[in-house]
Amino acid sequence: MLVAITRDISPALADCELTHLTRRPIDVERARTQHRDYERLLAEAGCRVERLTAGADMPDSVFIEDAAVVLDEIAIITRPGAASRRPETAAVAARLRGYRDVRSIEPPATMDGGDVLVVGKRVFVGCSRRTNLEAIAEMRALVAPYGYEVESVDVSGVLHLKSAVTVVGDNLVLMNPSLLPVGSFADFDRIAVDPAEPLGANALRIGGQVIYPNSFPRTRERLERRGLDVRAVDAGELQKAEGAVTCCSLVFAAGSDAGGRALK
Ligand code: CIR
């Protein structure tokens, strides 16, 4: 069984962290409708969706991916790079304890889950404004006993590693090569985003489906030309908060499938 943990949208969403975008008004009700559509796609992809209640005073709590990294063997609670986001982790840790042994990233390390891309036993960690070298070292020590290798990737010009690269198929990544040198991803087959859609590299693959924002039609066409089953969703309101599709869920195998693959 697959589980997708999501989190309701905070009434304080308008006060979200912003790094690369200018603040624009966000329609919270519309964002909630879009989020429900996203959850429906998670369910259609085979997930049991468990939605945590919003952090009423935590503007960014819907972006639950940043609070944890879930592997088959353990879950790692992050220490988000933005201090305003650190209160988000307690509720996520409490829920994950029902599924995994839980470890934590400790100060002075900071890490956002959006910087962590797991592909089999390879863990790519973005060194970004949110995730520092200390966190990468802690991550390496936490996962090495389970046979994972951690590779550090420099990230600049975008918020997280997964703003620039995500997995869309077996040995297949979607990336923006002008934001991220192919370097670490040279072993993979690669689809480049359309140059007119530089923020289009964030896709959420679950099983045979790829959940993808409807705001990047040219890149979507590239994905479909490769035979991928793309499920488009309107993520416009959360995109104003610098959110994307991976960041609104933690997806992992549970129960009798718990020995299965890490998903993102
Ligand atoms: C932030 O700046 O932390 C939020 N406004 C957006 C986080 C998006 N997270 C993600 O893509 N993993």
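Below are the figures for this structure:
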{"quantity": "GLY207 vs. criteria surrounded by fewer than 18 Cβ atoms within 10 Å (Cβ to Cβ), touching a residue at least 60 places away in the same chain (Cβ under 8 Å) and either under 16 Å from the mean Cα position of the chain (by Cα) or closer than 29 Å to VAL92 by Cβ (or both)", "calculated": "yes"}
{"quantity": "Within the stretch 109-225, strands (runs of 3 or more DSSP E) holding 3 or more residues that are out of contact with any Lys or Arg (no Cβ under 6 Å at 6 or more places or on another chain), at pLDDT 95 or above and more than 16 Å from the ligand (Cβ to nearest atom)", "calculated": "149-154, 189-192"}
{"quantity": "The stretch 150-179 residues that are in contact (Cβ under 8 Å) with a residue 12 or more places away in the chain, paired with ones that are hydroxyl-bearing (Ser, Thr, Tyr) and within 12 Å of the ligand (Cβ to nearest atom) (beta carbon under 7 Å, 6 or more apart)", "calculated": "VAL155/SER128; LEU159/THR19; HIS160/SER128; LEU161/SER128; LYS162/THR246; THR166/THR246; VAL173/THR166; LEU174/THR166"}
{"quantity": "Test set (1) within 16 Å of the ligand (Cβ to nearest atom); (2) farther than 16 Å from GLY236 by Cα; (3) β-branched (Val, Ile, Thr); (4) surrounded by fewer than 16 Cβ atoms within 10 Å (Cβ to Cβ) - THR6 fails condition number", "calculated": "(4)"}
{"quantity": "Those residues of the stretch 11-29 which are more than 11 Å from the ligand (Cβ to nearest atom) and either in contact with a Gly (Cβ under 8 Å, 6 or more places away or on another chain) or part of a loop (DSSP other than H, G, I, E, B) (or both), in sequence order", "calculated": "PRO11, ALA12, THR22, ARG24, PRO25, ASP27"}
{"quantity": "Selection from the stretch 16-31 of residues that are out of contact with any Leu (no Cβ under 8 Å at 6 or more places or on another chain) and buried (at least 16 other Cβ atoms within 10 Å of the Cβ)", "calculated": "CYS16, GLU17"}
{"quantity": "Any hit, the stretch 110-133, residues being at negative phi, more than 18 Å from the chain's Cα centre (by Cα), surrounded by fewer than 16 Cβ atoms within 10 Å (Cβ to Cβ) and touching a residue at least 12 places away in the same chain (Cβ under 8 Å)", "calculated": "yes"}
{"quantity": "Unique match (being touching a Phe, Trp or Tyr at 6+ places or on another chain (Cβ under 6 Å) and within 24 Å of VAL245 (Cβ to Cβ)) among VAL123, VAL92, VAL118", "calculated": "VAL123"}
{"quantity": "Single residue of the stretch 30-69 satisfying the filter (in contact with an Asp or Glu (Cβ under 6 Å, 6 or more places away or on another chain) and assigned to a helix (DSSP H, G or I)) that is farthest from the ligand (Cβ to nearest atom)", "calculated": "ARG30"}
{"quantity": "Exclusive hit being more than 15 Å from the ligand (Cβ to nearest atom), surrounded by 17 or more Cβ atoms within 10 Å (Cβ to Cβ) and over 30 Å from THR219 (Cα atoms), set ARG95, ARG79", "calculated": "ARG95"}
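The values are calculated or read from the model by the stated rules, or taken from the named source; none is laboratory data. If you're wondering where the values come from, they're calculated on a predicted model, not measured in any experiment. Cβ: placed from backbone, ideal geometry, glycine included. Neighbour counts: every protein chain shown.
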